[in-house]
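Colleague: Handing you a structure now.
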Amino acid sequence: MAEQSRGEQRVGLLNGFAAYGMWGLVPLFWPLLKPAGSVEILAHRMAWSLVFVAVALVFVRRWAWAGELLRQPRRLALVVLAAAVITVNWGIYIWAVNSGHVVEASLGYFINPLVTIAMGVLLLKERLRPVQWAAVGIGAAAVLVLTIGYGSPPWISLTLAFSFATYGLIKKKVNLGGVESLAAETAIQFLPALGYLLWLSARGESTFTSEGAGHSALLASTGIVTALPLVCFGAAAIRVPLSTLGLLQYMAPVFQFLLGVLYFGEAMPPERWAGFALVWLALALLTWNALRTARRTARLRAGIPAGAGTEAGTGTGTATGAAAGASVVVAGSGTVTAAVAETEAGTDAGAEAGTGTVVRGAAASGTTPVDA
């Protein structure tokens, strides 16, 4: 049994590395689709993603969720809103990469956990520990430093971070699995995308048939580039602890940052380094806080009988954040957020009495926002 468990964890880790690695390296893919413009690439991505996930759902025979969704107008409206938000996110990201702003795009996914925390406080009335407040404050200072350095706010980063955080919030309420979620959203995106592609073709401006079979194949493969990392992520989420996924998540923006600096040769003046350094400091605080909380919770679980915590404390304090558990953010092109709420029942005193519980949003409830 132990051997099987270790084997499952190895498989999970390999899938996690594959998912985050693909998301981290995706800036290398979008430039291959030129001379197609960003909007044409986005439309192909929306259309071909539906084709890919539809085939996947036929293969696994999972369709019951669709009928249930159609019978729930409020939930369906949230899916429509999620599709609109992720369309903005995808479009800005593709444009940013193909316009030479890979570093600024990576910053968006570095600050996304901080934005998620801020939204949790403002919209969900969540309570933060002092360390988390410090991280949010440092993140705000980083944006200010970058604004001064750029001469204007880093709007690409902020748009990506806020759109993806909003998407994650919506997806927590919709509560659909990763593949099902992508299928529902791309089904909504499909007709507008197809209409735009047909209009582009009628004007003689489509590159799908004018740039050769290789170019057509690359445009069609946008569906695979979107959905394949999600499949790998799903395989990882059910096999490895979410704390591990929370650490792996940083692979994607780190890879993108390194590609922007080392491969695409984007400039990194001192003020940009200063802004990134502040963001990394904020994330280090979040990660340290999350790991300390996880260790404390594990010790309490090992030493206190079941049920003791329920009697010891009531109320809930939710720690929301990337490493702290609010969302596992993946950058780029096909990203997934494992929206995970680490809920510690009771106040800090109650938690120390043994009330901590972890809700595995990605693996259990399926709240996995797709793509960034």
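The values are calculated or read from the model by the stated rules, or taken from the named source; none is laboratory data. Values in this document were obtained by computation on a predicted structure and should not be read as measured data. Reconstructed Cβ throughout: ideal geometry from the backbone, glycine too, with neighbour counts over all protein chains shown. Areas reflect the complete protein model, heavy atoms only, side chains present, ligands, DNA and RNA absent. Shrake-Rupley method; radii C 1.70, N 1.55, O 1.52, S 1.80 Å.
Colleague: How would you order 266-279, 14-27 from highest to lowest mean count of nearby Cβ atoms within 10 Å?
Modeller: Result, highest mean first: 14-27, 266-279.
Colleague: Highest first, please rank the peptides 250-257, 106-113, 208-215, 141-148 by the mean number of other Cβ atoms sitting within 10 Å of their residues.
Modeller: By packing density, highest mean first, the sequence is 106-113, 250-257, 141-148, 208-215.
Colleague: Quick one: with all protein chains in place, what share of the accessible area of segment 49-151 is carbon or sulfur, to the nearest percent (1.4 Å probe)?
Modeller: After summing per-atom areas, the C and S share lands at 73 percent.
Colleague: Something else about it: More than 17 Å apart: what percent of Cα pairs in segment 197-240 qualify?
Modeller: 53
Colleague: Show me the three semi-axes of the equivalent ellipsoid for segment 18-62, from the C-alpha gyration tensor (sqrt of 5 times each eigenvalue), largest first, rounded to whole Å.
Modeller: Sorted largest first and rounded, they come to 24, 16, 6 Å.
Colleague: Name the shape class, rounded, prolate or oblate, that the alpha-carbon gyration tensor gives for segment 1-136, where a ≥ b ≥ c are the square roots of its eigenvalues, rounded holds for a/c under 1.5, and otherwise prolate holds if a/b is larger than b/c and oblate otherwise.
Modeller: Rounded, because the longest to shortest axis ratio a/c is under 1.5.
Colleague: Plugging the Kirkwood radius over Cα pairs into Stokes-Einstein for segment 169-247, at a temperature of 4 °C and a viscosity of 1.567 mPa s, what D comes out in µm²/s?
Modeller: 84
Colleague: For segment 60-178, rounded, prolate or oblate, judged on the Cα gyration tensor with a ≥ b ≥ c (square roots of eigenvalues), a/c < 1.5 rounded, else prolate if a/b > b/c?
Modeller: oblate
Colleague: Could you compute Rg(Cα) / (2.2 N^0.38 Å) for segment 213-305, with N its residue count?
Modeller: Ratio of Cα Rg to 2.2 N^0.38 Å: 1.56.
Colleague: What does the C-alpha gyration tensor say about the overall shape of segment 150-202? Classify as rounded when a/c is under 1.5, otherwise prolate if a/b is larger than b/c, or oblate. Numbers along the way, then the final one.
Modeller: Details: a/c = 4.19, a/b = 1.15, b/c = 3.64.
Judged from the Cα gyration tensor, segment 150-202 comes out oblate (a/c at least 1.5, b/c at or above a/b).
Colleague: Right, next: Taking Cα centroids, how far is segment 17-48 from segment 111-170 in Å?
Modeller: Distance between centres, Cα-based: 25 Å.
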